[in-house]
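Trainee: Handing you a structure now.
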Amino acid sequence: MKNIPSARTIVFVAQSSYQTLKMGYEAVKNAWGSFSNSVKQEIASLTSNPVDYINNKFNQGVSWAKNELYKVGKTIYKGLSWAGSKVQSGINWVGSQVKSGISWVANHVQSGINWLGNHVQSGWNWLW
């Protein structure tokens, strides 16, 4: 009967295990609640005004792509910045042209999507 734990040890281990399980349950409950609320908000936005929802998501994607392309161009520019002054000025010019070209394309795509969204919205409103 050497290795039998005392009643106090058994109670302590039981309480500790309970607290650990309770904290784990609360963590899972909070994570699920946050995820569930996010999904509910997205569904509510989509069902309340689907044209605006899709338009906004597309515009967010265009803005993200525009920013990522700018970051890539900036990284390439930084990688080539060791070049001499004449090459450097050429790179600066090309970089500014690429940046303005990307902005021009993104802005025109975005305005086209906005135009399409507005016309779909007006058609939707006309139906209802």
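Trainee: Take every Cα-Cα distance within region 16-78, group them into 5 Å bins from 0 onward, and report for each bin the whole-number percent of pairs it holds.
Mentor: 4, 15, 10, 12, 10, 10, 11, 10, 9, 6, 2, 0
Trainee: Taking +1 at the Cβ of each Lys and Arg and -1 at the Cβ of each Asp and Glu, which of V72, V120, N37 sits farthest along the dipole of the chain towards its positive end, judged by Cα position relative to the Cα centre?
Mentor: The residue sitting most towards the positive pole is V72.
Trainee: Using just the Cα positions, wrap the chain in a convex hull and report its mean projected area in square nanometres, one decimal place.
Mentor: Directional mean of the projected Cα hull area for the chain stands at 17.5 nm².
Trainee: Region 1-48: Rg/Rh from Cα coordinates, Kirkwood Rh?
Mentor: Computed over Cα atoms, the ratio is 1.49.
Trainee: With an 8 Å cut-off on Cα pairs and a minimum separation of 6 or more residues, tell me the relative contact order of region 49-128 in percent.
Mentor: Rounded, it is 50 percent for region 49-128.
Trainee: Between G61, V94, G24, whose Cα lies farthest towards the positive end of the dipole of the chain when Lys and Arg beta carbons carry +1 and Asp and Glu beta carbons carry -1, centred on the Cα centre?
Mentor: Projecting each Cα onto the dipole axis, the largest value belongs to G24.
Trainee: Could I ask something else about it? Using a simple charge model, +1 on the beta-carbon of Lys and Arg, -1 on the beta-carbon of Asp and Glu, nothing else, what dipole does region 49-128 show about its Cα centre, in debye to the nearest 20?
Mentor: 400
Just so you know, all these numbers are worked out from the coordinates, no wet-lab data involved. In this text the structure is predicted, and so the values were computed from the model without any measurement. Reconstructed Cβ throughout: ideal geometry from the backbone, glycine too, with neighbour counts over all protein chains shown.
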